[in-house]
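The values are calculated or read from the model by the stated rules, or taken from the named source; none is laboratory data. All figures in this text were calculated on a predicted structure; none of them were measured in a lab. All Cβ positions, even for glycine, are placed from backbone atoms using ideal geometry, and neighbour counts span all protein chains on display. When the accessible area is computed, the model is the full protein with side chains, heavy atoms only, and any ligands, DNA or RNA have been set aside. Shrake-Rupley method; radii C 1.70, N 1.55, O 1.52, S 1.80 Å.
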Amino acid sequence: MKNFIKGFRFTPSNYPAAVEEKIQKYRKQGYKLPPRKVLRTPEQLEGIRESAKINTALLDYISENIREGMSTEEIDVMVYDFTTAHGAIPAPLNYEGFPKSVCTSINDVVCHGIPNKHEILRSGDIINVDVSTIYKGYFSDASRMFMIGEVSPEMRKLVQVTKECMEIGIAAAQPWKQLGDVGAAIQAHAEKNGFSVVRDLCGHGVGMKFHEEPDVEHFGRRGTGMMIVPGMTFTIEPMINMGTYEVFVDEADGWTVCTDDGLPSAQWENMILITETGNEILTY
């Protein structure tokens, strides 16, 4: 006959007892908890960190080489060549039909811009370069904003405030808090500065897959949403608009997301690991 187990362990076997005890306490209180599969083991974290090193080095490489007059297609070539030279794979390439190795989103493009040889960086542009890496089966993800040439003060402020929103969101992503705390902190800072937060797109779990649980919204109410637990890895990547938060997907390619009013948008993205005492930035 089977021996039936009384109760169950939520965390992987090598997690500290204190973490398991806290999770069991909050589970009994009815809090929404992450699925067990998104709590990383030491072996998984080792692989994720190696992927993250390549991803960050790639963004450093782009930072050193991006310039006025280059096409977004040239950025795509840089990303593919750098990534494959390091034994890795660009995660966006062929992901659900996406045709390129990187997302390049200029001015009023919120995200998922597709590189092409006709799109040339010009003075005054702001561009988000979003890179994601698969290394030995482990995923990492981050993006940075770049200002090309002489950028207007209004657009510079948008880029700076968006970066601050990401940093404030990371600071709010603490163990035993809730994801609503992260969104609320980001939303408050964006709106205080006269900007809006995109509602239709969000951050996400990443590590063993490109997109995993949880969804990390960049707006919301404190004290709501999934509990943040040590061992989770996810992105915080606020998309902040100068005008309305409404967006649309370009029907021509089915990917490019643009602001509804044609005003500029900015985005910064880091990937973090939740620890017992705070969080660790894995990609930047």
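Some points to look at:
- Scanning region 94-111 for residues that are open to solvent by less than 60 Å² (accessible area, probe 1.4 Å), under 21 Å from Thr83 (Cβ atoms) and not charged (D, E, K, R) returns Gly97, Phe98, Ser101, Val102, Cys103, Thr104, Ser105, Cys111.
- Residue selected from region 208-223 under the condition assigned to a loop (DSSP other than H, G, I, E, B) and free of Cβ contacts under 8 Å to residues at least 60 places away in the same chain, by the criterion surrounded by the most Cβ atoms within 10 Å (Cβ to Cβ): His218
- Region 249-271, residues that are under 30 Å from Pro34 (Cα atoms) and not β-branched (Val, Ile, Thr): Trp255, Ala266, Gln267, Trp268, Glu269, Asn270, Met271
- Among (1) surrounded by fewer than 21 Cβ atoms within 10 Å (Cβ to Cβ); (2) β-branched (Val, Ile, Thr); (3) touching a helix residue (DSSP H, G or I) at 6+ places or on another chain (Cβ under 9 Å) - the single one Thr244 does not satisfy: (3)
- Filtering Gln174, Gln187 for residues that are over 25 Å from Val102 (Cβ atoms), outside any helix (DSSP H, G or I) and not acidic (Asp, Glu) leaves a single hit, Gln174.
- Residue list for region 233-262, restricted to those being out of contact with any Pro (no Cβ under 6 Å at 6 or more places or on another chain) and within 20 Å of Gly169 (Cβ to Cβ): Thr233, Phe234, Thr235, Ile236, Glu237, Pro238, Met239, Ile240, Asn241, Tyr245, Val247, Val257
- Region 137-162, residues that are part of a helix (DSSP H, G or I) and more than 24 Å from Val206 (Cα to Cα): Pro153, Glu154, Met155, Arg156, Lys157, Leu158, Val159, Gln160, Val161
- The residues on offer are Thr162, Thr83, and the sole one that is of a type in the set (Ser, Thr, Tyr), open to solvent by less than 10 Å² (accessible area, probe 1.4 Å) and over 16 Å from the mean Cα position of the chain (by Cα) is Thr83.
- Scanning region 106-155 for residues that are closer than 15 Å to Pro92 by Cα, hydroxyl-bearing (Ser, Thr, Tyr) and touching an Asp or Glu at 6+ places or on another chain (Cβ under 6 Å) gives Ser132, Tyr135, Ser143.
- Of the strands (runs of 3 or more DSSP E) that lie entirely inside region 228-284, those containing 3 or more residues that are closer than 19 Å to Cys165 by Cα and touching a strand residue (DSSP E or B) at 6+ places or on another chain (Cβ under 6 Å) span 233-236, 239-241, 265-267, 270-274, 279-283.
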